[in-house]
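The values are calculated or read from the model by the stated rules, or taken from the named source; none is laboratory data. The structure displayed is predicted, hence computed values, not measured ones. Cβ sites come from the backbone with ideal geometry, for glycine too, and all protein chains shown count toward neighbours.
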Amino acid sequence: MALFLFVLVSLLLCQTAESDSEADTAALTSFRLRADTHGNLLANWTAAAGDACARHWIGVRCDEDGRVVSLSLSSFDLRGPIESLSVLDQLRLLDLQGNRLNGTLAPLASCPNLKLVYLNGNDFTGEIPSEISRLSRLLRLDLSNNNLKGPIPKSMAGLTRLMTLRLQNNLLSGLLPADLSSLSQLKQLNLSNNEFYGELSRELQRKYGASSFLGNAGLCGESPFPLCSFTAAAPSPQVVPSNLSSGPGSMGGAAASQSGRGRSRGGLSTGAVVAIVVGDTMILLLVMLLFAACYWGRYSQERGERQKEAAAGKKDAFDDGSPGPDMERSKLVFFERRKQFELEDLLRASAEMLGKGSLGTVYKAILEDGSVVAVKRLKDASPSARKEFDQYMDMIGRLRHPNIVRLRAYYYAKEEKLLVYDHLPNGSLYSLLHGNRGGGRTPLDWTTRIGLVLGAARGLARIHEEYSASKIPHGNIKSSNVLLDKNGTACISDFGLSLLLSPAHATARLGGYRAPEQQHGDRNRLSQKADVYSFGVMLLEVLTGKAPAQHQAQEGVDLPKWVQSVVREEWTAEVFDVELLRYKNIEEELVAMLQAALACVAAQAEQRPEMREVVKMIEDLRVEPSPVMGDDWDDSRNSISPSLTTEEAAASF
């Protein structure tokens, strides 16, 4: 009997497990049908492929029982809501960052085993649900760069294991919850660029840094925030007697007394006293009117001067000789629902010129609330109508990817065009490779080079995939356009701006990154295949440490020809940067990367690989930690999230 019961229970458990596994597969299939609008992003998520776990669907990981425990699909251009994922009750990791998913976050509450949630860079709306407190195992939560609104729910204080909370760049509002300080495990917190108000406690500011709270105009506290001047209760109105009202009353009482005494002493009559009081009152009123007129005239004059100074300051900060923006005809156009500042705020910002590039001058602008943006002032752009320019900017600004610098806003006027980007503070790949090539230079190690070119490759591949039908290229790939954000992540900048120029001007500014077909007459057009060539030159630049010639008239190295000649002579070792020769056991990786670069710079455009293939070549490299980096190196290419180390990921399951 006991044996029979054991077999029966086992069968029931197996049937339940199979049923749960089928439910997971059905939930993922439902998600794909709504999210994969292209129809080919999740190629093997089909009924023919069978079970999600047995067939190793893209981005899906399962446990031994066939339950989905990890879904990682960052930057897949997925769209739509996530309701169907609420069935995945064994899910530990949800990484959908950098897509275009929308709807609310309510489905998360039905996944109680979640530990790692990365939904940043989407279009989620509504409030953070109070039911999020059900995720008691949650370690990291990143909801930044969405359109969430409302307060932080008080129930979030129940997430006692939470280590990371990123909510920046949303529409969140209200007072900061006092319970945040009770999250003892919280190490990383970012609430910047929202609409929070009230007093920021000294404890929160010192623990997480002022930068975690900047961009909330209503917050006050210690510097750099304004001092708090409000009181617990609003002051009740008080009636303060004015000189005008108190004069006659007091004078009248005195007059009555004086009148009585006057009669006895033969003094002023009552009529005389009244006449004196009225006269004094009229004089006092006249003086007050004159004072008010003088004050208002002076205030109006100072206000006009301040506005002129602001406009002049803008011209000084962002001017290189051409007319400044016409504030009456246009204003900043943003690509996010949350409008963070006006053109006048940009005019008043303190600005610092970062450099002059082939497409314009770039300035670092610090706004009054402390936030920092990069402003590019376009030059030599082809004249275009407002509608055409708006359409083109919309195409550029709507593209989101962790490895592409985001265009936040733009300004259009007939004689002036400004582009506002996120400010990336850590320089460029060019400066890291070629800056300070003398004594005291810190060499750029091999693993860092790999990570940077892989990030750039992913960003460029996303551009090519997004516009595969129209074949829109980046148009200006070079190492100075690969910028590093505050975390050291490589981001492609200047996407599409070369298309604003004539083909001759655009290709002339490519210099040593120009493809062979762009150097001959009518064929000097920009293209995605030419982008691949430029990327190959950049790979050679990373491998050799040599900068390509920037202009035809300038002496410099034609990298593809020089490398090909050295390889033909079988002196391959002579190709590589001497800084790379200090590392051991990377010869195979260097040669593999060299082969990828040479494939990209093939003379015939049709022989060059697609950028998605280049990404795969780089990802397949077996990269060992560089000696310089030591044991703390984090292989972000293989970790399940940029915010989680490999060791943490392993411990999470």
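So for segment 71-78 (the condition being over 30 Å from residue 464 (Cβ atoms) and either part of a loop (DSSP other than H, G, I, E, B) or touching a His at 6+ places or on another chain (Cβ under 9 Å) (or both)), does at least one residue qualify? Quick ask: steps written out before the conclusion?
In the first step, residues of segment 71-78 are kept if they are over 30 Å from residue 464 (Cβ atoms); the result is none.
Among the residues of segment 71-78, not one is over 30 Å from residue 464 (Cβ atoms) and either part of a loop (DSSP other than H, G, I, E, B) or touching a His at 6+ places or on another chain (Cβ under 9 Å) (or both), which makes the answer no.
Can you name the strands (runs of 3 or more DSSP E) wholly within segment 387-504 that have at least 1 residues being out of contact with any Pro (no Cβ under 9 Å at 6 or more places or on another chain), surrounded by 21 or more Cβ atoms within 10 Å (Cβ to Cβ) and β-branched (Val, Ile, Thr)? Before the answer, list the steps.
On the way: elements: 407-413, 416-422, 482-484, 490-492.
The strands (runs of 3 or more DSSP E) meeting that bar are 416-422, 482-484, 490-492.
Taking interchain pairs and intrachain pairs at least six residues apart, which have beta carbon atoms under 6 angstrom, with the first residue in segment 479-491 and within 14 Å of residue 433 (Cα to Cα) and in contact (Cβ under 8 Å) with a residue 60 or more places away in the chain and the second among the hydrophobic types (A, V, I, L, M, F, W, C) and assigned to a helix (DSSP H, G or I)?
Filtered contacts from segment 479-491: 479/429; 479/538; 490/452; 490/456.
Please verify whether residue 147 is crowded, with 22+ Cβ neighbours inside 10 Å and at pLDDT below 90, treating the condition exactly as stated.
Values: crowded, with 22+ Cβ neighbours inside 10 Å: no; at pLDDT below 90: yes.
Spelling it out, it is not the case that residue 147 is crowded, with 22+ Cβ neighbours inside 10 Å and at pLDDT below 90.
Any residue at all in segment 601-614 that's closer than 19 Å to residue 456 by Cβ, modelled with pLDDT of 90 or more and of a type in the set (S, T, N, Q)?
If we filter segment 601-614 for residues that are closer than 19 Å to residue 456 by Cβ, which is where we start, we get 601, 608-614.
Add one more test, that the residue is modelled with pLDDT of 90 or more, and what stays is 601, 608-614.
Those still in the list that are of a type in the set (S, T, N, Q) too: none.
No, the conditions are met nowhere in segment 601-614.
Check whether at least one residue in segment 115-132 is closer than 18 Å to residue 42 by Cβ and β-branched (Val, Ile, Thr), and report yes or no.
No: segment 115-132 contains no residue that is closer than 18 Å to residue 42 by Cβ and β-branched (Val, Ile, Thr).
Can you find a residue in segment 575-591 that is at pLDDT 90 or above, among the basic types (Lys, Arg) and either more than 30 Å from residue 462 (Cβ to Cβ) or in a helix (DSSP H, G or I) (or both)?
no
Using the structure shown, decide if residue 17 is at pLDDT 75 or above, touching an Asp or Glu at 6+ places or on another chain (Cβ under 7 Å), of a type in the set (A, V, I, L, M, F, W, C) and more than 22 Å from residue 103 (Cα to Cα).
On the way: at pLDDT 75 or above: no; touching an Asp or Glu at 6+ places or on another chain (Cβ under 7 Å): yes; of a type in the set (A, V, I, L, M, F, W, C): yes; more than 22 Å from residue 103 (Cα to Cα): yes.
No, not satisfied.
Restricting attention to segment 100-109, and to residues there that are free of Cβ contacts under 8 Å to residues at least 60 places away in the same chain and buried (at least 17 other Cβ atoms within 10 Å of the Cβ), which single residue is nearest to the chain's Cα centre (by Cα)?
Residues of segment 100-109 free of Cβ contacts under 8 Å to residues at least 60 places away in the same chain: 102-109.
Subset that is buried (at least 17 other Cβ atoms within 10 Å of the Cβ): 105-108.
Details: 105: 21, 106: 24, 107: 25, 108: 24 Å.
Only one residue fits best here, namely 105.
What number of residues in segment 475-497 are closer than 15 Å to residue 451 by Cβ and hydroxyl-bearing (Ser, Thr, Tyr)?
Total satisfying the criteria: 2.
If I ask for residues that are within 12 Å of the chain's Cα centre (by Cα) and either over 14 Å from residue 376 (Cα atoms) or acidic (Asp, Glu) (or both), which ones from segment 400-424 would you list?
Once the filter is applied, which keeps residues that are within 12 Å of the chain's Cα centre (by Cα) and either over 14 Å from residue 376 (Cα atoms) or acidic (Asp, Glu) (or both), segment 400-424 yields 400, 401, 402, 403, 404, 422.
If a residue must be of a type in the set (A, V, I, L, M) and farther than 14 Å from residue 616 by Cα, how many such residues does segment 440-477 contain? Break it down into steps so the answer makes sense when it comes.
Taking segment 440-477 as the starting set, the residues that turn out to be of a type in the set (A, V, I, L, M) are 444, 450, 452-454, 456-457, 460-461, 463, 469, 472, 477.
From the residues that got through so far, the ones that are farther than 14 Å from residue 616 by Cα too are 444, 452, 463, 469, 472, 477.
Adding up the residues that qualify gives 6.
Is there a residue being crowded, with 16+ Cβ neighbours inside 10 Å, in the same structural domain as residue 80 (by TED's automatic domain parsing), hydrophobic (A, V, I, L, M, F, W, C) and more than 24 Å from residue 27 (Cα to Cα) anywhere in segment 127-139?
yes
In the list 496, 459, which residue meets the criterion of being on the phi > 0 side of the Ramachandran plot and under 23 Å from the mean Cα position of the chain (by Cα)? Break it down stepwise before answering.
Details: 459 fails: on the phi > 0 side of the Ramachandran plot.
Going through 496, 459 in turn, just one is on the phi > 0 side of the Ramachandran plot and under 23 Å from the mean Cα position of the chain (by Cα): 496.
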